[in-house]
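In what follows, a structure is listed as structure tokens, so that the remarks can point back to it.
The values are calculated or read from the model by the stated rules, or taken from the named source; none is laboratory data. The model shown is predicted, which means the values in this text are computed figures rather than measured ones. Using ideal geometry, Cβ is built from the backbone for each residue, glycine included, and neighbour counts are taken over all protein chains shown.
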Amino acid sequence: MVAFDQISLRIIHEQELIIGPLAWDEAGKVVGLVIDKSHNSISFSGDQKDIINRLVAQYERLFGKASHEVCKEAVQDLIAEMTPEEIPSSLK
């Protein structure tokens, strides 16, 4: 199974390519997503699927539907290995 931290990091890195360091600031606002200071690892405090949905929603709220699509495209290869039940609804 693909680790949800990989999915989260991939989403943040892809957003960072578009909006710069603001991507990390916005990710830091997501309740339950714990980012270390060096931005090299992420941990979760709560339901991982729900937290990823909130991360995608955070970017979409600020930057619109295109941002949501960027998130989905960034992790397509990772979610391809998951069962439909494992995939966060925002990435389907």
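Out of all the residues in the range 58-82, which are loosely packed, with under 15 Cβ neighbours inside 10 Å and more than 17 Å from D5 (Cα to Cα)?
Of everything in the range 58-82, those that are loosely packed, with under 15 Cβ neighbours inside 10 Å and more than 17 Å from D5 (Cα to Cα) turn out to be R61, L62, G64, K65, A66, E69.
Mind listing whichever residues of the range 1-32 are among the aliphatic types (A, V, I, L, M) and without any contact (Cβ under 8 Å) to a residue 40 or more places away in the chain? Break it down stepwise before answering.
Initially, the range 1-32 is screened for residues among the aliphatic types (A, V, I, L, M), giving 1-3, 7, 9, 11-12, 17-19, 22-23, 27, 30-31.
Selection gives A3, L9, L17, L22, A23, A27, V30, V31.
Looking only at the range 45-92, filter to residues that are of a type in the set (D, E) and in a helix (DSSP H, G or I); which one of those is farthest from E14 (Cα to Cα)?
D50
Which of the residues that make up the range 1-44 are assigned to a loop (DSSP other than H, G, I, E, B) and either at pLDDT 95 or above or under 23 Å from G64 (Cα atoms) (or both)?
Across the range 1-44, the qualifying residues are G20, P21, K29, V30, V31, G32.
Condition first: out of contact with any Leu (no Cβ under 7 Å at 6 or more places or on another chain), more than 18 Å from L33 (Cβ to Cβ) and at pLDDT below 95. Can you find one or more residues in the range 52-62 that meet it?
No: zero hits.
Those residues that are without any contact (Cβ under 8 Å) to a residue 12 or more places away in the chain and exposed (fewer than 12 other Cβ atoms within 10 Å of the Cβ), I need them from the range 33-57; list them, please.
Once the filter is applied, which keeps residues that are without any contact (Cβ under 8 Å) to a residue 12 or more places away in the chain and exposed (fewer than 12 other Cβ atoms within 10 Å of the Cβ), the range 33-57 yields D36, K37, S38, N40.
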